[in-house]
Amino acid sequence: MTLDPKPDDRAVRLSEGSGRPNADAAPSAGSGLSTISRATYFKEAALQNLFLVCACVAVAGVALIFLFVGWRGWPIFAKVGLFNFLGGYVWHPTKGDFGILTLIVNSMLATLGALALGAPLAIGTAVFLSEVANPRIRDLVRPAVELLAGIPSVVYGFFGLVLLRPIIAKFSGGLGFGLFTVWIILAVMILPTIAAISEDALRSVPEGIREASYAMGATKWQTIWRVLLPAAKIGIIDAIILGMGRAIGETMAVVMVAGNAPVIPNGIFAPFLTLTTVIVMDMPYAAGDHRTALFGVAIILFVISMIFVATIRIISRFGKEVG
Amino acid sequence: MGPMSLRRSAARVLVLAVVLPAMLVSGCSSRAGAAKTELTVTGSTTILPIAEVAAEMFHEQHADLRVLVAGVGSSAGIESVTKGTSDIGTSSRDLKPEEKSLGLVDTPIAFDAIAVIVNPSNPVRALTTKQAADIFEGKITNWKDVGGSDQLIWLVNRDEASGTREAFSKIVLGGAPFDPKSAVLPGTGQVRSVVADSATSVGYISLGFVDKSVKAVSIDGIQPTEKTVADGTYPVSRVLHFFTKGKPSGLAKQYVDFVLSSAVQSKVVRDAGFLPVAEGRK
């Protein structure tokens with residue numbers, strides 16, 4: 001926030017966060033230090049306020065969404081009770097059953113499976129890009145991984161529905177919808193997120209640590225496994241949690257390959273419904289309490305997101321303390 | 001992670017996103033007092049092939065008039081015509097008791113039959129209504145219990161916005177709940193393609209959408225054909241509706257009359273696999 005005044009540009013130091021320059025730094029006639037022009041001073045102040053507004057828009061956006069979703073969803077907690085809403089396992093809104101435990105469990109199953117498949121793949125990619133690949137190959141692989149992040153989720157879903165699902169239907173003897181299909185799609189979708197942040201974490205390990213490890217006679221593998229990965233641990237955990245956030249919030253791709261049955265799936269090839277997909281499936285026709293319950297589901301998703309963000313912050317702080 | 005809750009909604013909502021600006025345009029033009037030149041027809045995906053092709057033909061005949069058609073499900077169609085966001089709501093189900101007081105006028109435009117479909121490789125060719133109901137309620141779970149091979153039955157269901165589901169539930173299940181383990185898909189085309197790829201699956205779609213990729217089984221010994229639907233012997237059939245707020249007038253009346261004309265009834269309705277109202281039963 002603070003503009004660091006370099007000796008040569010003779011800028012005034014603007015007060016942090018308040019959006020207003022310090023009164024004592026304002027240019028006044030006769031003050032020997034403040035030799036910046038009035039125009040420069042106002043430009044600096046205006047820019048600082050502009051950036052403050054930018055930051056406020058983001059905060060206001062989150063606050064508005066939270067207030068709106070909370071306002072529309074709150075009545076369902078009052079009506080069926082928070083315990084029945086979170087703890088009930090029957091989701092049959094048109095019959096008055098508003099239990100979302102099944103959906104929470106399904107979202108977790110989908111997310112954890114996707115992480116189990118995707119995280120090792122992503123961390124392996126990060127290690128390859130940061131430690132193993134020569135620059136030519138790296139320049140080929142990294143854009144490819146980044147491109148994965150840019151593919152719209154509906155394209156993943158369509159790919160899963162049209163190409164993957166029939167194949168899985170053939171060998172599983174079912175419909176091809178289910179956890180297995182979702183895991184594969186989500187694992188590919190979270191790969192770029194986890195890979196990019198893990199790679200940053202690996203790269204930020206000081207070169208001296210690598211050199212020390214090699215100097216001790218460690219092989220490349222020993223250096224990666226025993227030295228670099230532990231050193232980058234905090235960043236990699238952050239990456240995994242961000243990947244989790246992406247997986248649990250993913251909607252469009254999941255709705256196309258999950259099969260959307262509001263039950264805990266009987267095996268990894270059986271259809272299931274999650275917290276996000278229920279909103280997509282039901283929103284077009286939901287009315288009354290049903291619609292309110294969907295906003296209630298959105299509140300739960302919001303809370304899960306906040307838990308993830310808070311976890312990352314706590315882990316990062318912890319990492320700074322021990323690191 | 002906030003933006004995840006802002007993610008785009010289903011494909012059906014995307015359809016709305018396309019139609020909505022058009023609705024706004026039509027709303028503006030009518031507010032301006034000029035004669036309406038755009039008509040919005042929203043609702044059943046079953047009726048989509050009729051309404052869409054009829055809309056194109058209508059536009060060919062009246063270059064200055066345009067009919068915008070969207071398939072969002074019968075319930076959404078009834079809701080949008082009630083709220084006035086569309087001029088005609090199409091529905092493949094009858095009005096629910098609570099919808100009867102909304103002042104909607106019903107114009108039947110075609111008859112439809114719902115076929116129970118299985119994979120062509122499935123040896124099962126015939127079911128009774130009771131067997132079909134037991135299968136979709138989850139009471140019969142293996143094909144061997146209805147004369148097939150020893151394999152689990154995988155149910156393919158429609159979402160609750162679907163008029164086809166509503167009609168199937170009423171006619172076949174008698175209102176009993178579907179097996180909650182069934183896959184829920186948001187469109188007729190998806191149900192058909194999933195049943196076409198999966199040897200152990202069973203679903204239900206309008207007779208008009210049955211093609212060679214799936215096999216329609218006979219119900220109570222009656223194969224669903226145009227003839228058995230027309231003479232009323234095929235048990236799983238229903239009426240397709242256009243709903244308007246009050247009697248259709250102006251542009252809406254012009255379009256409804258066009259859909260009821262023999263040009264549409266004997267060509268478009270038949271091509272879509274439905275039965276014309278004029279030649280219907282009863």
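The values are calculated or read from the model by the stated rules, or taken from the named source; none is laboratory data. As the structure is a computational prediction, the values presented were derived from the model and not from experiment. Cβ atoms come from the backbone with ideal geometry, glycine included; neighbour counts cover every protein chain shown. Surface accessibility is based on the protein's heavy atoms, side chains included, excluding ligands, DNA and RNA. Shrake-Rupley method; radii C 1.70, N 1.55, O 1.52, S 1.80 Å.
Note on the stretch A:68-107: residues that are more than 17 Å from residue A:275 (Cα to Cα), open to solvent by less than 50 Å² (accessible area, probe 1.4 Å) and not small (Gly, Ala, Ser) amount to 1. In the stretch A:109-118, the count of residues that are at pLDDT 95 or above, farther than 18 Å from residue A:308 by Cβ, in contact with a Ser or Thr (Cβ under 7 Å, 6 or more places away or on another chain) and part of a helix (DSSP H, G or I) is zero. Within the stretch A:64-111, the only residue that satisfies the criterion of being on the phi > 0 side of the Ramachandran plot and either charged (D, E, K, R) or free of Cβ contacts under 8 Å to residues at least 60 places away in the same chain (or both) is A:81. Here residue A:308 does not qualify as away from every other protein chain (no Cβ under 11 Å) and of a type in the set (Phe, Trp, Tyr).
Hey, can you tell me all the residues within the stretch B:177-225 that are part of a strand (DSSP E or B), more than 14 Å from chain A (Cβ to nearest Cβ), within 21 Å of residue B:138 (Cα to Cα) and touching a helix residue (DSSP H, G or I) at 6+ places or on another chain (Cβ under 8 Å)? Scanning the stretch B:177-225 gives B:204, B:205, B:216, B:219. One residue is enough: does the stretch B:1-23 have a residue meeting the conditions exposed (fewer than 14 other Cβ atoms within 10 Å of the Cβ), farther than 29 Å from residue B:164 by Cα and either away from every other protein chain (no Cβ under 13 Å) or at pLDDT 85 or above (or both)? For the stretch B:1-23, residues exposed (fewer than 14 other Cβ atoms within 10 Å of the Cβ), farther than 29 Å from residue B:164 by Cα and either away from every other protein chain (no Cβ under 13 Å) or at pLDDT 85 or above (or both): absent. Of the helices (runs of 4 or more DSSP H) contained entirely in the stretch A:146-238, those carrying at least 1 residues that are more than 12 Å from every other protein chain (Cβ to nearest Cβ) and over 18 Å from residue A:110 (Cα atoms) fall at A:153-159, A:179-203, A:207-215.
For the residues B:101, B:86, B:149, B:121, the requirement of being assigned to a loop (DSSP other than H, G, I, E, B), assigned by TED's automatic domain parsing to the domain that holds residue B:271 and among the small types (Gly, Ala, Ser) singles out B:86.
Answer yes if at least one residue in the stretch A:206-219 is at negative phi and in contact (Cβ under 8 Å) with a residue 24 or more places away in the chain, and no otherwise. No, there is no match, as no residue in the stretch A:206-219 is at negative phi and in contact (Cβ under 8 Å) with a residue 24 or more places away in the chain. Of A:201, A:169, all but one fail to be open to solvent by less than 20 Å² (accessible area, probe 1.4 Å), assigned by TED's automatic domain parsing to the domain that holds residue A:253 and touching a strand residue (DSSP E or B) at 6+ places or on another chain (Cβ under 9 Å); the exception is A:169. Set side by side, the residues B:185, B:207 differ, and just one is within 18 Å of the chain's Cα centre (by Cα), outside the structural domain of residue B:67 (by TED's automatic domain parsing) and without any contact (Cβ under 8 Å) to a residue 40 or more places away in the chain, which is B:185.
Taken together, the residues in the stretch A:257-289 that are more than 8 Å from chain B (Cβ to nearest Cβ) and either open to solvent by less than 10 Å² (accessible area, probe 1.4 Å) or under 21 Å from the mean Cα position of the chain (by Cα) (or both) amount to 8.
Check the stretch A:262-277 and report whether any residue there is outside any loop (DSSP other than H, G, I, E, B), aliphatic (A, V, I, L, M) and touching a Pro at 6+ places or on another chain (Cβ under 7 Å). No, because not a single residue in the stretch A:262-277 is outside any loop (DSSP other than H, G, I, E, B), aliphatic (A, V, I, L, M) and touching a Pro at 6+ places or on another chain (Cβ under 7 Å). The single residue among B:201, B:206, B:193, B:249 that is closer than 20 Å to residue B:276 by Cβ and of a type in the set (Gly, Ala, Ser) turns out to be B:206. Between A:147, A:186, A:140, the distinction of being at pLDDT 95 or above and in the same structural domain as residue A:270 (by TED's automatic domain parsing) belongs to A:186 only. For the stretch A:243-252, the condition of being facing chain B (nearest Cβ under 10 Å) and open to solvent by 30 Å² or more (accessible area, probe 1.4 Å) holds for at least one residue. For the stretch B:152-176, what are the residues that are surrounded by fewer than 23 Cβ atoms within 10 Å (Cβ to Cβ) and within 7 Å of chain A (Cβ to nearest Cβ)? Result: B:159, B:160.
Selection of the stretch B:224-251 for residues being buried (at least 18 other Cβ atoms within 10 Å of the Cβ) and of a type in the set (Lys, Arg) yields B:238, B:245. Checked against (1) surrounded by fewer than 24 Cβ atoms within 10 Å (Cβ to Cβ); (2) within 23 Å of residue A:268 (Cα to Cα); (3) of a type in the set (Phe, Trp, Tyr), residue B:111 passes all but condition (2).
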